[in-house]
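The values are calculated or read from the model by the stated rules, or taken from the named source; none is laboratory data. Keep in mind that this is a model prediction, so the values were computed, not measured. Every residue, glycine as well, gets a Cβ built from its backbone with ideal geometry; the counts of neighbours run over all protein chains shown. Just the protein is used for accessible areas: all its heavy atoms, side chains included, with ligands, DNA and RNA removed. Shrake-Rupley method; radii C 1.70, N 1.55, O 1.52, S 1.80 Å.
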Amino acid sequence: PAHIWKDNYRSVLAGQRMKESVERINEAVILELARPEQGQIPTGEYHEQFERELAAEASNITEPGESEAVRTLRVSWMNYDRVLAQSHAENTTANRREISLDSPHRAFSKVKDAADAILDINQDAMVRKSERTERRAARFERILTIAVLLASILGLLASVSLTTRLLRPLNVVSAAVRRFGQGDTQARARV
């Protein structure tokens, strides 16, 4: 049933969307470095999406270790946001490049790794639940097969028994008719 994976799937979607958002933000930082004359590229939409998905994931903790992974992600995200704010606050292009080449990339990597940890936890849980469901289905199939075989054997035995009981009077009549046909006029069929 689909409801088994529903919570994990929601967490996987949140993790993927958070990774996508932080990657878009990181791409904007790289573009700002490559073209400093264009100024800051707006990333508010991606910040909002990341925050929304982080809140969704935080309210959808279903697996062991997932709450710790969410805490790590939240701390990494806050650090990344702080590093980005610092890099944007720098006035000179040289200082900005120096900060942007090192600190944001490390902070970005930590956010991405933390989001990957959440994805791993939930994807592994989905695989485990799928395997468990397959084992249960296989066990149910074996039980059903055995039940059908037993029912077939019992039905066959019942059929043989009923047929024998129904045909016994015909056998008695048939034997009496044979004896009568052989000349035994005293033959009687007692049914």
Please find, within region 65-88, the residue that is least open to solvent (accessible area, probe 1.4 Å) out of those that are without any contact (Cβ under 8 Å) to a residue 24 or more places away in the chain and within 27 Å of the chain's Cα centre (by Cα).
S67
Apart from one, (1) over 18 Å from Y9 (Cα atoms); (2) at pLDDT 85 or above; (3) open to solvent by 80 Å² or more (accessible area, probe 1.4 Å) all hold for I30; the odd one out is (2)
For region 138-191, the count of residues that are part of a loop (DSSP other than H, G, I, E, B) and open to solvent by 70 Å² or more (accessible area, probe 1.4 Å) equals 6
D116 fails exactly one of (1) farther than 18 Å from A58 by Cα; (2) at pLDDT 95 or above; (3) not small (G, A, S), namely (1)
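Answer yes or no as to whether L54 is without any contact (Cβ under 8 Å) to a residue 40 or more places away in the chain and either within 30 Å of S11 (Cβ to Cβ) or of a type in the set (A, V, I, L, M, F, W, C) (or both).
On the way: without any contact (Cβ under 8 Å) to a residue 40 or more places away in the chain: no; either within 30 Å of S11 (Cβ to Cβ) or of a type in the set (A, V, I, L, M, F, W, C) (or both): yes.
So L54 does not fit the description; no.
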